[in-house]
Each structure stands twice: as C-alpha cells, then as structure tokens.
Amino acid sequence: MLKKIIKGIYFIFNILVILLLLGIHFVVQEDSYWSSLYFYILPLPVIIFIVLLLSSFLVKLRKYNLILAVVLLVIWLGRSFKIHFPDKINDADVEIVFWNASRENGFSEAFNLNGGIPDVMVLSESSSLDLSALKKSYPDYYFYKSKEDLMVFSKNPIEDLKEESSRFRTYILFFKTMGKNICAIDVQGSSDVPRSWEFEFVNNQIKNEPNTIILGDFNVPYESKYLDSLKVNFNHAFNKKGNGFRETWFWNLPLLSLDHIWVSKDLKILKTEKIGTFKSDHSMVKTVVRK
C-alpha cells in the first residue's frame with residue numbers, strides 16, 4: 001500500500017515538473033526577468049534529459065515520458081539540425097568569421113582553427129591580444145582593437161569605425177571593409193542584467209541597410225523574441241547554408257545558439273560552417289557571401 005502511495009506521489013511530481021518545464025520553454029519564455037533566466041538555462045536538450053531522468057524512476061507509466069522525449073527530440077532536431085549544399089565559391093566572394101575566443105586565444109589560434117586566413121575575422125573576449133606583435137607577424141593585413149575587446153582582422157583597410165556601448169557593457173562596433181558594412185556585437189551575458197535592457201540598446205543601434213553583415217555573441221538563443229527584428233530584416237547564415245546543429249555553446253555540446261551571423265537579404269549566402277573546439281566554450285562560426 002505504501003509503495004503504491006509513493007509511486008502515485010512520484011507520478012504526480014513527474015507530471016508537475018514536466019508541465020513546468022514545457023510551460024517555461026514553450027509558453028512563458030521571456031515574459032519576465034526570472035522566466036528569461038529559466039528559459040536560457042533550460043533549452044530543449046536539457047528538458048529532454050530531465051524527462052528521461054524522471055522516467056528512470058517510473059515503471060508502468062515510463063512509456064509516456066519516453067514518448068514525450070521522442071516528440072521533444074523531433075521538435076529540437078527540426079529546429080536546430082540543418083542540411084544544405086554549399087554553392088560554388090570564387091575569389092570575389094567574401095569569407096567572414098566570428099569567434100568568442102574566451103580570453104586566452106588570439107588571431108593566430110583563430111586562423112589555425114579556421115584552417116586558413118579569412119577575408120574578415122572578428123574576435124570577442126580576446127583580452128590577451130598583442131596588436132603590435134600581430135602587425136609585425138602579418139604586415140600585409142589590417143587589425144583593429146576596440147576599447148572593449150572586440151578585435152577585427154581584414155585583408156582590406158578597415159574604415160568608418162564607430163563604437164557604441166551600453167551602461168551595462170554591451171558593445172557594438174561598426175566598420176566597413178571588403179566592400180561590406182559590418183556590425184560586431186558582444187551582448188552582456190550577466191545574470192543580473194536583463195537581456196531586455198541590452199536588446200533595447202542593440203535594436204536601436206542596428207539599421208536595416210543593404211550590404212550588411214551583423215555578427216557576434218548575442219548571449220540569447222535563436223528562439224529569443226529579442227532577435228525577432230533581425231529575423232525579419234536579415235537572413236540567419238547558418239539557417240540558410242549551415243550543416244549540422246546550429247548551437248554554438250557549450251564546449252561542443254549543442255545546447256544554445258548564442259553566436260550568430262546575420263546577412264542582409266541583398267547578399268547571397270554561399271556556405272556557412274560551425275567549427276567546434278575545446279580552446280573556447282564557444283564554437284567558431286563562419287560564412288561566405290556574394291553581392
């Protein structure tokens with residue numbers, strides 16, 4: 001009798017936990033500061049894992065958890081796993097790379113990870129960068145280090161630089177190179193700074209202009225409502241031409257899509273890659289575009 005009562009209590013607990021998880025992910029999402037935090041730390045892969053973990057303590061009713069886990073897996077794969085065939089690339093096309101270098105890494109490590117020197121590369125969180133040494137090592141190329149650790153490499157001159165920052169240390173760097181308008185972004189990821197504040201700043205700065213690439217560590221997943229204006233006005237490079245899982249964080253586990261490259265709709269996206277590494281908790285992302 002006692003065993004039946006315990007099993008019944010656990011089954012009710014199981015249902016309540018699942019309803020809470022599904023409500024946070026699919027319904028509440030970013031409606032409040034606290035729900036936003038739970039939404040970010042409970043992506044679908046984590047919820048699937050929890051559902052499976054809960055099922056291990058069920059017996060006769062385990063199949064319902066397993067069915068739900070399969071349904072959620074299908075939803076996640078439909079959202080995140082992409083299959084595309086790259087277009088033929090020629091010398092006039094522009095390869096653009098972004099990487100959250102996680103403090104300890106610089107351009108030499110990034111070039112090696114990329115498998116070569118791209119046309120344009122932006123690094124965030126690369127505070128150990130020695131700009132003078134880089135210029136000596138790569139005298140034919142161009143580098144720029146912003147006041148707030150956004151670093152730029154280009155094969156062509158870097159022009160029309162403009163830096164903006166919010167009071168909570170979200171940084172935006174605008175520049176032109178290789179005939180493209182580029183906006184590099186590093187959004188504050190602190191748990192005590194609501195993303196709504198930072199994206200009000202970001203979305204007020206971004207303009208819907210042709211011939212534009214927007215890239216960076218946005219610190220919100222692709223599903224975030226704060227990216228809605230970008231989804232309307234720009235193409236997501238990985239969604240258009242990427243292969244595999246879109247998620248760029250955490251340590252090669254496909255949990256959250258935090259690093260993005262957005263391309264104005266007048267430009268053609270030929271190929272997009274995500275490069276996993278253990279040198280940073282973020283994967284590198286790169287795309288090739290054509291006018």
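The values are calculated or read from the model by the stated rules, or taken from the named source; none is laboratory data. Given the structure is predicted, the values throughout are model-derived calculations rather than measurements. Heads up, the Cβs are rebuilt from the backbone with ideal geometry, glycines too, and the neighbour counts pull from every protein chain shown. Just the protein is used for accessible areas: all its heavy atoms, side chains included, with ligands, DNA and RNA removed. Shrake-Rupley method; radii C 1.70, N 1.55, O 1.52, S 1.80 Å.
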*Once a ≥ b ≥ c are taken as the square roots of the eigenvalues of the Cα gyration tensor of region 122-232, is the result rounded (a/c under 1.5), prolate (a/b larger than b/c) or oblate (a/b not larger than b/c)?*
oblate
_Report the Cα-based extents of region 178-224 along its three principal axes, largest first, to the nearest Å._
38, 18, 17
*Compute the Cα gyration tensor for region 63-110, then decide on rounded, prolate or oblate, letting a ≥ b ≥ c be the square roots of its eigenvalues: rounded whenever a/c is under 1.5, prolate when a/b is larger than b/c in the other cases, and oblate in all that remain.*
oblate
*Could you order ASP119, ASP31 by accessible surface area, starting with the largest, using a probe radius of 1.4 Å?*
ASP31, ASP119
*Distance (nanometres) between label positions extended 7 Å along Cα→Cβ at LEU58 and LYS231*: 3.0
*Could you list, in their original order, any pairs among LYS225/LYS271; LYS63/LYS231; LYS231/LYS291; LYS155/LYS271; LYS136/LYS274; LYS63/LYS279 whose Cα atoms are separated by more than 31 Å?*
LYS63/LYS231; LYS63/LYS279
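Quick one: pull the percentage of alpha-carbon pairs in region 173-291 with a separation above 21 Å.
Percent of Cα pairs beyond 21 Å in region 173-291: 35.
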*Can you give the convex hull volume of the alpha carbon atoms of region 1-109 per residue, in Å³?*
197
_In Hz, Karplus ³J(HN,Hα) per residue of region 111-124 (6.51, -1.76, 1.60; θ = phi - 60°; x = Gly, Pro)_ = 4, 5, 5, 6, x, x, 8, x, 6, 9, 9, 10, 10, 10
_Angle in degrees between helix 2-22 and the longest Cα principal axis of the chain, rounded to the nearest 10_ = 30
*Nearest 10 degrees, 0 to 90: what angle lies between the long axis of helix 44-55 and the longest principal axis of the chain (Cα atoms)?*
20
*Looking only at LEU161, LEU256, LEU150, which one moves most when the chain is put into a Gaussian network model with springs between Cα atoms under 10 Å?*
LEU161
*Hey, what's the per residue convex hull volume over the C-alpha atoms of region 92-141, in cubic angstrom?*
73
*Which labelled figure in [x] 5, 21, 23, 15, 10, 8, 7, 6, 3, 1, 0, 0; [y] 6, 27, 32, 23, 11, 1; [z] 6, 26, 32, 19, 10, 5, 2, 0, 0 is P(r) over Cα pairs in 10 Å bins from 0, in percent, once derived from the coordinates*: [z]
*Specify the angular offset, from 0 to 90 degrees and rounded to the nearest 10, of the alpha carbon long axis of helix 195-205 from the longest principal axis of the alpha carbons in the chain.*
30
*If ligands, DNA and RNA are left out, what is the accessible area of SER283 with a 1.4 Å probe, given in Å² to the nearest 10?*
10
*What ranking of VAL59, VAL122 comes out by heavy-atom accessible area, probe 1.4 Å, highest first?*
VAL59, VAL122
*asked:* Only sites in a loop by DSSP and with at most 14 other Cβ atoms within 10 Å count here; which trypsin sites (Lys or Arg not before Pro) in region 139-222 make the cut?
replied: LYS147, ARG167, ARG169, LYS207
*asked:* For the chain, what does the accessible surface come to per residue with a 1.4 Å probe? Please give it in Å².
replied: 50
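Calculated FRET efficiency, ILE67 and SER132, Cβ-Cβ r, R0 41 Å, to nearest 0.05?
Computed FRET efficiency for ILE67 and SER132 comes out at 0.10.
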*At 1.4 Å probe size, with no ligands or nucleic acids counted, give the accessible surface of GLU104 in Å², nearest ten.*
140
*Dipole of region 84-139 (Lys/Arg Cβ +1, Asp/Glu Cβ -1, origin at the Cα centre): which of ASN105, PHE85, PRO118 lies farthest to the positive side?*
ASN105
